[in-house]
Amino acid sequence: MIYLDNNATTRIAPEVTSAMLPFLNDAYGNPSSAHEFGRGVRKTIDEARENVAKLVGAASPDEIVFTSCGTESDNWALVGAFESKPGKNHAVTTTVEHEAVSRLFDARGADVTRVAVDHDGLLDIDELRRSLRPETAVVSVMMANNETGVIFPVAEIAKIVKENSDALVHVDGVNAVGKIAVDLKNTAIDLFSLSAHKFHGPKGVGALYIRDGVRLPSMLIGGGQESSRRAGTEAVHQIAGIGRAAALVGDLAPMENVRRLRERLETEILQKIPYSRLNGTSDTSRRLPNTSNISFENLNGESILARLSDLGVCVSTGSACHAGSRSASSVLTAMNVPFSFIMGSIRFSLGRYNTDAEIDFVLEHLPRIVADLRSLAG
Ligand code: PLP
């Protein structure tokens, strides 16, 4: 298998599995227990919190609260932001956010200004500034787009928001962490979401960074875990996993090889395959080092995905299936990708375990697959 779908999820690193296993076997103590057995387990949670804090450049481990996933972190940040600003129901976000953010706003019936992106997927920061109002409770902007890899200048955005309003700033960092550097202490970002399974940790565990001094109401009511910010006995094996994964991906050096492989893949596809087009800025400093979203004119991404899948190659399309019919990706729609290209998109998202031989394999087969499908389509 050749796995090029790392923005969907990543392989659990073997080091991470090893760090989790003791808590699925003998080390089953409750971290809140006062005895030595429980205290040993507590130590693992403390270490994990330190590792995650370091990974995102938090000023203190106390700013990290463990959650069940990126979605929970996003939901909690936004619901909490509204509740901490009574009487304010306006939010500013973008047209390309993940559903964990965009649908939460819909579900709450919030008054939302969605700032548009241009053809390259880049944000108009002046429009964002103009969207701020006295009743804006929260501004939520993703750090990197999961479909195109386009990076938003979140530190600059947070500064602008703070200069022009008293809104809280939330950043969905789920698809950025482990791929590019994050240094929250040097920004004005208040809330930042992350999820372990996107950086070689297990599924079902994430974290929310809550800047010191920001008070969010707890979403879960119960015991006093996580300094009374998120009740429920800690999922220790999961937390051990996110902690080990955070230590692992803090070293960004392997991402340079990922970037090199991605450059080869992208450049050669665009050169070798006629009527192919990059979705997202060609300025690679403004795109994740692992992601290429490429459309093939007048083709259906699903057919390409199926042919690649037959060869053991895993990729994604941006389209979503609703009641048996396909609709275009909302991200590519927001970018005004031309009609003849919008259904033919494939997202290649590479990871630390990919090799040159795997990229060679894709480059050998993809041109033929596209040519075949085009000849079938007449
Ligand atoms: N935000 C972004 C940008 C994502 O890419 C994802 C997952 O695809 C999420 C949030 C949700 O994360 P989780 O799967 O951990 O709930």
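All of the numbers you see were taken from the coordinates with simple rules; none came from a lab. Worth saying up front: this structure is predicted, and the values here are computed from it rather than measured. FYI the Cβ positions are ideal-geometry reconstructions off the backbone, even for glycines, and counts take in every protein chain you see.
Computed values, structure above
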quantity	calculated
Along each principal axis, Cα extent of the range 224-378, largest first, Å	64, 39, 32
Relative contact order for the range 284-378, counting Cα pairs under 8 Å that sit 6 or more residues apart, in percent	38
Helix-only mean residue ellipticity at 222 nm for the chain, each DSSP H run of n ≥ 4 adding -39500 (n - 2.57), per residue, nearest 500	-12000 deg cm²/dmol
Least to most buried among HIS200, HIS90, HIS119 (fewest other Cβ within 10 Å first)	HIS119, HIS90, HIS200
Mean Cα-pair separation over length for the range 55-160, i.e. relative contact order, pairs under 8 Å, 6 or more apart, %	27
GLU127/LEU311 FRET efficiency (R0 30 Å; Cβ-Cβ; nearest 0.05)	0.10
Check: the chain dipole with +1 on Lys, Arg Cβ and -1 on Asp, Glu Cβ, in debye	180
Net +/- balance of residues flanking ASP212 in space, Cβ distance below 9 Å, scoring K and R +1, D and E -1	-1
Linear extension gain, GLU15 paired with SER33, 0.36 nm per residue minus alpha-carbon span	3.8 nm
Leading residue at positive end of dipole, the chain (Cβ point charges), from TYR28, LEU373, GLY204	TYR28
Cα centroid of the range 143-217 to Cα centroid of the range 294-311, whole Å	32
Unit charges at the beta carbon, dipole of the chain: most positive-side option, LEU104, VAL258, THR284	LEU104
Which listed pairs, of LYS43/LYS162; LYS43/LYS85; LYS43/LYS185, have C-alpha distances above 28 Å, in listed order	LYS43/LYS162; LYS43/LYS85
Fully extended contour minus Cα-Cα distance, from ALA357 to ILE221, at 0.36 nm per residue	43.9 nm
Quotient of C-alpha Rg and 2.2 N^0.38 Å, computed over the chain	1.02
Whichever aspartates and glutamates have a C-alpha closer than 12 Å to that of LYS272, once near sequence neighbours (fewer than 8 apart) are set aside	GLU364
Label-point separation, ASP251 to ASP118 (7 Å along Cα→Cβ), nm	3.9
Part-to-part distance (alpha-carbon centres) for the range 35-78 and the range 323-365, which is given in Å	34
Proxy reagent accessibility, fewest Cβ within 10 Å first, across MET255, MET343	MET255, MET343
Cα centre as origin, Lys/Arg/Asp/Glu Cβ charges: the range 25-178 dipole, Debye	380
Residue among ILE342, ILE160, ILE189 with the largest mean-square fluctuation in a Gaussian network model of the chain, springs linking Cα atoms under 10 Å	ILE160
Residue order, fewest to most beta carbons within 10 Å, for ARG307, ARG49	ARG307, ARG49
